[in-house]
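Since the structure comes first, as structure tokens, the remarks are kept for the end.
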Amino acid sequence: QVQLVESGGGLVQPGGSLRLSCAASGFTFSTYAMSWYRQAPGKERDMVAAISNGGSTNYADSVKGRFTISRDNAKNTVYLQMNSLKPEDTAVYYCTVRVRGVRYWGKGTLVTVSS
């Protein structure tokens, strides 16, 4: 079955950096687009970044120039490098993939940006 396991979240000061990882299994990773979403307390879950199977990327306006999504098909892993973090980036970050019409989500990893 499809499994997505996020890691790398934590507490970071404003201006700091974190790298999130999402280890995927249960599907042919290299052939699917992958995405990162986030959900802040009391808010909807929004797309942060996406990467196609060919490596094309797309970002939410709020993170352009600060976040970078990448993938390692040999490791079945997608990453989210987050730089210049702001308090408003505080959220639970989720990895997601749509396989054969079904969207799967990981359990998420909490990122807290605070001094």
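Structural remarks
- For segment 43-58, 3J(HN,Hα) computed residue by residue from phi via the Karplus equation (6.51, -1.76, 1.60; θ = phi - 60°) reads 10, 6, 7, 10, 5, 9, 7, 9, 9, 6, 5, x, x, 5, 10, 8 Hz, glycine and proline entered as x.
- Placing unit charges on the Cβ atoms only, positive for Lys and Arg and negative for Asp and Glu, gives the chain a dipole magnitude near 200 debye about its Cα centre.
- Probe 1.4 Å - accessible area at SER30, Å² to nearest ten: 50
- Accessible surface of the chain, 1.4 Å probe, proportion on carbon and sulfur as whole %: 46
- For CYS95, the accessible area of its heavy atoms, probed at 1.4 Å with every protein chain present, is near 0 square angstrom.
- The HN-Hα couplings worked out from phi for segment 64-71 by the Karplus form 6.51 cos²θ - 1.76 cosθ + 1.60 (θ = phi - 60°) are 4, x, 10, 10, 9, 9, 8, 9 Hz, whole numbers, x standing for Gly and Pro.
- Loop-located trypsin sites (Lys or Arg not before Pro) across segment 5-57 with a Cβ neighbour count of 16 or fewer within 10 Å are LYS43, with loop assigned by DSSP.
- Nonlocal amide H pairs with ALA33, under 5 Å, H built at 1.01 Å: ASN53
- Comparing PRO41, PRO87, PRO14 in a Gaussian network model of the chain (Cα springs below 10 Å), the most mobile by mean-square fluctuation is PRO41.
- Close lysine pairs were tallied over the chain: pairs 8 or more places apart or on different chains with Cα atoms under 21 Å apart number 5.
- A Förster radius of 35 Å, combined with the Cβ-Cβ distance separating LEU110 from THR28, puts the computed FRET efficiency at roughly 0.75.
The values are calculated or read from the model by the stated rules, or taken from the named source; none is laboratory data. Note that the structure is a prediction, hence the values are computed from the model and not measured. Positions of Cβ are backbone-derived with ideal geometry, glycine not excepted, and every protein chain shown enters the neighbour counts. To get the accessible areas, we keep the full protein, side chains included, count just its heavy atoms, and leave off ligands, DNA and RNA. Shrake-Rupley method; radii C 1.70, N 1.55, O 1.52, S 1.80 Å.
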